[in-house]
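The structure appears right after this line, and notes come after that.
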Amino acid sequence: MNRIPGRNFLFVPGPTNVPDRVQRAMMVAMEDHRSSRFPDLTKSLFEDLKKVFKTETGQIFMFPSTGTGAWEAAITNTLSDGDKVLTFRFGQFSHLWADMMGRLGLDPEIIDVPWGEGVSPELVHRLLEKDKAQTIKAVFVCHNETATGVTSDIKAVREAMDAAKHPALLLVDTVSSLGSIDFRMAEWKVDVVVSGSQKGLMLPAGLGLLGMSEKAMAARLKANMKRCYFDLEDMVRNNPSGYFPYTPPLPLLYGLRESLNMIFEEGLEEIFARHHRLAQSVREAVLQGWRLSLCAKDPKWWSDTVSAILVPEGINGAHVIDVAFRRYNLALGAGLSQVAGKLFRIGHLGDLNELMVLGALSGAEMAMKDVGIDIELGSGVAAAQHYLRDTDTEPKRRVSRQEVVYASHSVGSMEGQH
């Protein structure tokens, strides 16, 4: 394929677009990560990440890894060989985390949930209430299942655990939700939070993030699983002074500093509202414009970072993705495992605005039409446009003729100065 001019439209649910500011911040010369100046960078990162995790007492760790590495760190630093744990499988990523639990030596009780649904707090309560001997040591939940576009209610899960008076740890995957969908580590009493750099934090992949509550840090002292690279003890000894037990990924740390600056400039609550609004515009396109269905079976499960769109019978979702990429330079997410070929995914998170979303919807429409899906070109884009205009909080006003004349005179006078 010849290179298509212009910029690739990246609409997979991660990695996401890296803002120009963040890219520039990462273009740094290598330096001595043992210097006396280096902690000026790292200490601020640890403190500011707490604000994103929404915790004051929790401890944040950064590993040169992906979110999968943070999964392993979460397991091996809080649990022991043979521990019984409860986990829910309702998509490819919750499946992979459950698979890791067994491979590392835990005894996972895996509850299969229909793909398109999330974790039922009522079921959590019933299962824990039945565990009279309290043999279940931890409950694992994916906050946002990226494969199906489903978000679970972590606050309700914690309330269910408390209602059952069960002491199990609560471990939550926030890889595709942190910094994009409201998440409150302290308020929801989440013990271990797993995340990564390549989604809501608007960085390349390469940083695995871990948030540990005081309860989880205490559990760490009793955990007996083998660990080396992901042993928090080495981090605990080095991080307070601003250093790492091994060479850190310097460009990513500088990029993270700039990413956090951007997050705080916009404001977390404003970011959550922006993501919800852009996600709803995509849902309007899917449901009202294209008359298709989402994999998420009920509005309560709808994700504000990724929409999984079911294709009609007889159509292969992978074909839509291939045409979108080759013909229109648009990258869409694939259906995985149980839903392979049945859907395609539009990621709508990170550095994103209205016109970028509309461009992706336009490309998706053309690709769907090209492979034989019976939609009307422009229908989804129009539905999204109407929603975005109707929900725009920016004041709209007509520009007077005098203002136009004044603006043109001002430009003309400036041009005359050159």
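Table for the structure above
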quantity: Highest-fluctuation residue, 60, 110, 309 considered, GNM on the chain with Cα pairs under 10 Å; calculated: 110
quantity: Diffusion coefficient, µm² s⁻¹, Stokes-Einstein with Kirkwood Rh over alpha-carbon pairs of the range 165-322 at 25 °C and 0.890 mPa s; calculated: 131 µm²/s
quantity: Alpha carbon centroid spacing (whole Å) that separates the range 321-355 from the range 210-267; calculated: 32 Å
quantity: The range 246-400, accessible surface, carbon-and-sulfur percent (1.4 angstrom probe); calculated: 51 percent
quantity: Span per principal axis, largest first, for the Cα atoms of the range 235-347 (Å); calculated: 59, 29, 27
quantity: Acute angle (nearest 10 degrees) that the helix 121-130 long axis makes with the longest principal axis of the chain, alpha-carbon atoms; calculated: 10 degrees
quantity: Candidates 295, 142, 228: whichever shows maximal mean-square fluctuation once the chain is modelled as a Gaussian network with Cα springs under 10 Å; calculated: 228
quantity: Only Lys, Arg (+1) and Asp, Glu (-1) charged, at Cβ; the range 279-318 dipole about Cα centre in debye; calculated: 60 debye
quantity: Kirkwood hydrodynamic radius of the chain, from inverse mean 1/r over distinct Cα pairs, in Å; calculated: 23.0 Å
quantity: Expected-Rg normalisation [2.2 N^0.38 Å, Cα atoms] applied to the range 90-210; calculated: 1.04
quantity: Crossing angle, helix 354-370 versus the chain [Cα axis fit, 0-90 degrees, rounded to tens]; calculated: 90 degrees
quantity: Theoretical gain in end-to-end length, residue 266 to residue 35 [0.36 nm per residue, Cα-Cα removed]; calculated: 79.9 nm
quantity: Heavy atoms of residue 328: accessible area, 1.4 Å probe, square angstrom to 10; calculated: 60 Å²
quantity: Inter-probe distance in nm under a simple model that places probes 7 Å from Cα toward Cβ, at residue 226 and residue 135; calculated: 2.6 nm
quantity: Cβ-Cβ FRET estimate between residue 390 and residue 7, R0 fixed at 25 Å, reported to 0.05; calculated: 0.30
quantity: Per-pair calculated FRET efficiency, R0 = 51 Å: residue 376 and residue 57 via Cβ, rounded to 0.05; calculated: 0.40
quantity: Accessible-area order (highest first, 1.4 angstrom probe) of the listed residues 337, 303; calculated: 337, 303
quantity: Helix axis angle, 154-163 relative to the chain longest principal axis, alpha carbon, degrees; calculated: 30 degrees
quantity: Segment residue 400-residue 126, length gained on full extension (0.36 nm per residue, minus Cα span); calculated: 92.2 nm
quantity: Dipole magnitude of the range 71-118, debye to nearest 20 (Cβ charges: Lys/Arg +1, Asp/Glu -1, about Cα centre); calculated: 60 debye
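The values are calculated or read from the model by the stated rules, or taken from the named source; none is laboratory data. Predicted model, so just to flag it, every value in this text is computed and none were measured. Counting neighbours? That spans all protein chains shown, and the Cβs are built from the backbone with ideal geometry, glycine included. The area values use the complete protein model at the heavy-atom level, side chains included, leaving out ligands, DNA and RNA. Shrake-Rupley method; radii C 1.70, N 1.55, O 1.52, S 1.80 Å.
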